[in-house]
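To start, the structure itself, in structure tokens.
The values are calculated or read from the model by the stated rules, or taken from the named source; none is laboratory data. Owing to the predicted nature of the structure, the values given are computational and were not obtained by experimental measurement. Heads up, the Cβs are rebuilt from the backbone with ideal geometry, glycines too, and the neighbour counts pull from every protein chain shown.
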Amino acid sequence: MFRRSRVLAAALLATALTVSGCGGGGDDDTGASPKETDKVAYITAFGAVGRDSFAWVAKEKGYFAEAGIEVDIKKGAGNAPNLTALKAGQVQFASLDFTGAVIQAGKGEFTDWRAIAAVHQQTLISVMTTKDTNISSVQDLAGKTMATGKGSVTELLFPAYAKLAGLDPKSVKIEGVQPTVLNGLMTSRQVDALGTFLLSRGALAAASKKEVVVLPYSDYLRDLFGNAIITTPALIEKDPDLVRRFNGALLKGLQYSIDHPDEAAAILNKAEPTYAVASGVGEITAMTPYVKPAGGAPIGAMDEQRVARTIAILQGSGLMPAGLDPKGVVDFSFVPKS
């Protein structure tokens, strides 16, 4: 009887050890330890506004968590500060205006970055004015004053945009100012027009209480992308899997945002209570047509030939010297494929 008890006990112990060995390694049967969560920092293109809401959406909906990533979302302040933060290692991923960043790369100012997806398939920069100025076309800007962010891509590209539209760029007086004062200058009619992002239309309409006229640069500069997601070549080399997982989760958040603008704006408002839900809905809705690629390509797509044409436009406009290769600003191995 004693011998049978000892045999039974030994059998039960062996079974317990077997079960423990199979289950102790996590959710799979490999026996491996669970993978640790990757912690990264991401900086938005500019502040916490509707066009950047998709990062908070990806976090709130659990897309980053599903990809094994914990993200610290920081509020950006434009291309130069964002590129500086990336270069300093303060963030591992960033969103910024792709065209402006290409100009800086072409001039050798910031080169240690690569785009991994497009947020906007066309540039969002535009000329904006109120209807009472009687400006309804690019040609109507002749003899007028336009304020724009000092040194911004809007200011840099205006000569190329004007020439393609049949306007002598020298016929327009350009005033470079701080972006935060643009709407105030237009509202008080200290200028005739603004060089700004078309998503600011709602804010200008609310401030001026007038109908707003928008003249998109994309009407003539069709090959320019808007914002893009970037990272460093060093991180791509060190951990391509992390880059791929991050990119996938962020783009999933972008898709959800344009599919559910009201919920996306509410999620943004939760993170940034001072930013109104209505403003978020307006921006997300306005940018949606610019997010969706033509021809059924997936969100985030970037075509190498289009990037080459972008570079050619910028070189032809005298904004950067020749010699920049598309692969010097985009890593096409991470860009979503159809």
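Some observations on this one:
- Among the conditions (1) surrounded by fewer than 23 Cβ atoms within 10 Å (Cβ to Cβ); (2) under 30 Å from A193 (Cα atoms); (3) touching a residue at least 24 places away in the same chain (Cβ under 8 Å), the only one that T129 does not satisfy is (1).
Each row is one residue, and each column tells you yes or no for (1) assigned to a strand (DSSP E or B); (2) in contact (Cβ under 8 Å) with a residue 12 or more places away in the chain; (3) assigned by TED's automatic domain parsing to the domain that holds L250; (4) closer than 22 Å to G50 by Cα.
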residue: L83; (1), (2), (3), (4): no, yes, yes, yes
residue: S95; (1), (2), (3), (4): yes, yes, yes, yes
residue: I103; (1), (2), (3), (4): no, yes, yes, no
residue: A115; (1), (2), (3), (4): yes, yes, yes, yes
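- The listed residue being in the same structural domain as T84 (by TED's automatic domain parsing) and on the phi > 0 side of the Ramachandran plot, out of G166, G151, G108, G143: G108
Yes/no per residue for (1) loosely packed, with under 15 Cβ neighbours inside 10 Å; (2) under 16 Å from S333 (Cα atoms):
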{"site": "A278", "(1), (2)": "yes, no"}
{"site": "A286", "(1), (2)": "no, no"}
{"site": "P289", "(1), (2)": "yes, no"}
{"site": "E304", "(1), (2)": "yes, yes"}
{"site": "T310", "(1), (2)": "no, no"}
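- For the stretch 117-130, the set of residues classified as farther than 18 Å from T232 by Cα and assigned to a loop (DSSP other than H, G, I, E, B) consists of H120, Q121, Q122, T123, L124, listed by residue number.
- Considered as a group, the residues in the stretch 139-159 that are assigned to a strand (DSSP E or B) and touching a helix residue (DSSP H, G or I) at 6+ places or on another chain (Cβ under 9 Å) include one that is surrounded by the fewest Cβ atoms within 10 Å (Cβ to Cβ), and that residue is G149.
- Residues of the stretch 209-235 that turn out to be part of a loop (DSSP other than H, G, I, E, B) and either within 17 Å of L156 (Cβ to Cβ) or not hydroxyl-bearing (S, T, Y) (or both), as a count: 10
- Matching residues in the stretch 291-302 - criterion: being assigned to a helix (DSSP H, G or I) and surrounded by 17 or more Cβ atoms within 10 Å (Cβ to Cβ): V291
- Residue match in the stretch 23-36 (condition: modelled with pLDDT of 90 or more and within 27 Å of Y256 (Cα to Cα)): no
- Subset of the stretch 90-102 [closer than 13 Å to I125 by Cβ and either surrounded by fewer than 24 Cβ atoms within 10 Å (Cβ to Cβ) or not hydrophobic (A, V, I, L, M, F, W, C) (or both)]: D97, T99, G100
- Extreme residue, surrounded by the fewest Cβ atoms within 10 Å (Cβ to Cβ), among residues of the stretch 263-276 that are more than 19 Å from the chain's Cα centre (by Cα) and outside any helix (DSSP H, G or I): T274
- From G248, G328, residue being surrounded by 13 or more Cβ atoms within 10 Å (Cβ to Cβ) and within 17 Å of V57 (Cα to Cα): G248
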